[in-house]
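Visitor: The structure's right below; bear with me while I get my questions together.
The values are calculated or read from the model by the stated rules, or taken from the named source; none is laboratory data. Just so we're clear, the structure is a prediction, and the values are computed from it rather than from any experiment. Methodologically, a virtual Cβ is constructed for each residue, glycine included, from the backbone with ideal geometry; neighbour enumeration extends over all protein chains shown. Remember, those area values only see protein heavy atoms, side chains included, never the ligands or the DNA or RNA. Shrake-Rupley method; radii C 1.70, N 1.55, O 1.52, S 1.80 Å.
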Amino acid sequence: MTHKSYLRVTAIVVGSFGPVFFFGTMPGTSWPAAFTMDLLGWPLDGVQNFDAVTTRFLSALSGGFLLGWGVLIWMLSGAIYDAAPEAVRRAVVTSLLAWFVLDSAGSVASGHPSNLFFNMLVLLAGVGPMWRPAKG
């Protein structure tokens, strides 16, 4: 798979978390977000919930950022990639690494070190073959 086509996989990996967290904003539809947080904060113990208004608000912000980031990556896979393939690859990989470092540090600081494992899976899925430089 080429870098250009893999960018769309990356966009889906990143952007797919957006709707999950959007649905976390409403009590009747928050179970996917609550389950995701419970899974990422292993073990599955049902402790994570979206009862607090502040949690639902943070879920709205997170969902919006993640969907927007996914759309941006998707858009980069078009004419922009054609014009500057290596610059696009570096920008996407760097943004994924920045997310990984801050999210992982925050997970450990908040008492959820198990999320490092899940972050590594998402990082590997998001970067895929883009570890290698783009071919002009």
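Visitor: Where the accessible area of the chain is counted over protein heavy atoms with a 1.4 Å probe, how much of it, in %, is carbon and sulfur?
Guide: 76 percent
Visitor: Continuing with the same structure: Taking the simple approach of a point 7 Å from Cα along Cα-to-Cβ for both residue 124 and residue 57, what is their distance in nm?
Guide: The two pseudo-label positions are separated by 3.8 nm.
Visitor: What shape does region 22-72 take by its C-alpha gyration tensor, where a ≥ b ≥ c are the square roots of the eigenvalues and a/c under 1.5 counts as rounded, a/b above b/c as prolate, and the rest as oblate?
Guide: Oblate is the answer for region 22-72, as a/c is 1.5 or above yet b/c matches or exceeds a/b.
Visitor: Given +1 on the Cβ of Lys and Arg, -1 on the Cβ of Asp and Glu, and no further charges, what dipole in debye does region 4-116 carry about its Cα centre, rounded to the nearest 20?
Guide: The dipole magnitude comes to about 320 debye.
Visitor: Can you tell me the order of 39-52, 110-123 when each peptide is scored by its average per-residue count of other Cβ atoms within 10 angstrom, highest first?
Guide: Descending packing order for the listed peptides: 110-123, 39-52.
Visitor: Once both axes come from the Cα atoms, what is the angle between helix 115-127 and the longest principal axis of the chain, in degrees from 0 to 90, rounded to 10?
Guide: Computed tilt is about 30 degrees.
Visitor: Give me the 1.4 Å probe accessible area per residue for the chain, excluding ligands and nucleic acids, in Å².
Guide: Counting only protein heavy atoms, the per-residue value for the chain is 57 Å².
Visitor: Could you state, as a whole-number percent, how many of the C-alpha pairs of region 1-110 are farther apart than 23 Å?
Guide: Summing the P(r) tail past 23 Å for region 1-110 gives 37 percent.
Visitor: Region 32-136: which trypsin sites (Lys or Arg not before Pro) are DSSP loop and have at most 14 other beta-carbon atoms within 10 angstrom?
Guide: 135
Visitor: Can you tell me how region 1-49 classifies by the Cα gyration tensor, rounded, prolate or oblate, using a/c under 1.5 as the rounded cut?
Guide: Judged from the Cα gyration tensor, region 1-49 comes out oblate (a/c at least 1.5, b/c at or above a/b).
Visitor: What ratio of Cα Rg to 2.2 N^0.38 Å holds for region 59-135?
Guide: That ratio works out to 1.22.
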